[in-house]
Amino acid sequence: MATDSNKRRGIYLLPNLFTTAGLFSGFYAIVASMNERYIEAAVAIFIAMVFDGVDGRVARMTNTESDFGAEYDSMADIVSFGMAPALVMYNYALADLGKLGWLAAFIFVAGGALRLARFNTNLGSADKRYFQGLAIPSAAAVVAGLVWVGTEYGIDGADIGSFAALVTIAAGLLMVTNFRYHSFKDVDWKGRVSFVVILVIVLAFVIVATQPSLVLFAIFFLYALSGPVLTIKNVKRLKLEHVVGDNDADDADFDAKEEKREENQQSDEKSSKND
């Protein structure tokens, strides 16, 4: 037990290198946006997403998971996917909106911080196949993707300020909802696949390479919309608890809750008939 405890409290080099690289990418995005290099800033946020996806997997593969690494990863995430996208968007399109502009950016940052806090305390769905609320890297991709597309096509940020504020606020609010999003954690990455699957993957890379800004923004924008659609589809009657709030530990596990309610109703009906 003592060995496991020391291991959990240890600081390991390899996974924290990737976390630091992601943190650096997020910080670089902020600096680049201050110098009006918005494409570089947006790309840096997407690069931070790659490092964020790698560090946890490296820690699990090398058995170097630790409490320090988990906390450090959260601190890096709030910079790379909270502060960085908000400030990049603010410098690109929100600054001319005055108070509304910085409030929209703050809503995004606050939503990201709350999303990370709820995720770290495990107050979400027990079903690992789904996220409770939009994950902060995906929300960052929506905001950074819009900046990337706008700059790539020569759109002045001031011309789309209102739309940019709407997207930023919506992304921030989606992070603190109970909408369910596929986590893709149930995908068997080690399993065998057919040749067609490999062909589809190659074609996907080709499509992304043709117009990376537009394709990546479209993918993450549709993913952000999938949460409300998936939630509404899987509940018989949409209630406030399906959208926001934490009534219990598994408030996002809608299917299980509906099944329990139906079972209770059936048992009550049977007991009343027997009486």
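Details
- The residues packed around ILE30, meaning those with a beta-carbon under 14 Å from its beta-carbon, carry a net charge of -1 if Lys and Arg are +1 and Asp and Glu are -1.
- Within-14-Å neighbourhood charge of PHE18 [Cβ basis; K, R +1; D, E -1]: -3
- Given charges at beta-carbon only (K, R positive; D, E negative), |dipole| of region 1-106 in Debye: 120 debye
- Neighbour counts of C-beta atoms inside 10 Å place GLU152, GLU36 in the sequence GLU36, GLU152, starting with the fewest.
- In terms of other Cβ atoms within 10 Å, THR64, THR121 run from fewest to most in the order THR121, THR64.
- A cut-off of 5 Å between modelled amide H atoms, ignoring neighbours fewer than 5 places along the same chain, links THR177 with LEU134.
- Rounded to the nearest Hz, the phi-derived 3J(HN,Hα) couplings of region 54-63 under the Karplus curve 6.51 cos²θ - 1.76 cosθ + 1.60 (θ = phi - 60°) are 8, 4, x, 5, 5, 4, 6, 5, 9, 6, where x marks glycine and proline.
- Within region 24-74: Cβ-based charge dipole about Cα centre, in debye rounded to nearest 20 (Lys, Arg +1; Asp, Glu -1): 180 debye
- Region 64-191 shape via C-alpha gyration tensor axes, a/c threshold 1.5: prolate
- Backbone phi angles across region 212-228, fed through the Karplus curve with coefficients 6.51, -1.76 and 1.60 (θ = phi - 60°), yield HN-Hα couplings of x, 5, 5, 5, 5, 4, 4, 4, 6, 5, 5, 5, 5, 6, 5, x, x Hz in residue order; Gly and Pro are listed as x.
- In terms of overall dimensions, the C-alpha atoms belonging to region 154-244 reach 44, 43, 18 Å along their principal axes, ordered largest to smallest.
- Distant-in-sequence amide contacts of HIS182, defined by a placed amide H-H separation under 5 Å and a gap of 5 or more residues or a different chain, comprise PHE131.
- Listed residue (ILE78, ILE198, TYR153) projecting farthest to the positive dipole end of region 50-201, Cβ model: ILE198
- Karplus-based coupling profile of region 231-245, in residue order and whole Hz: 5, 4, 5, 9, 10, 6, 9, 5, 10, 4, 5, 7, 9, 8, x, with θ = phi - 60° in 6.51 cos²θ - 1.76 cosθ + 1.60 and x standing for Gly or Pro.
Each reported figure results from applying straightforward, stated rules to the coordinates on display, with no laboratory input. Here the structure is a predicted model, which is why all the values come from computation and not from measurement. Cβ coordinates were reconstructed from backbone atoms using ideal geometry, including for glycine residues, and neighbour counts include every protein chain displayed.
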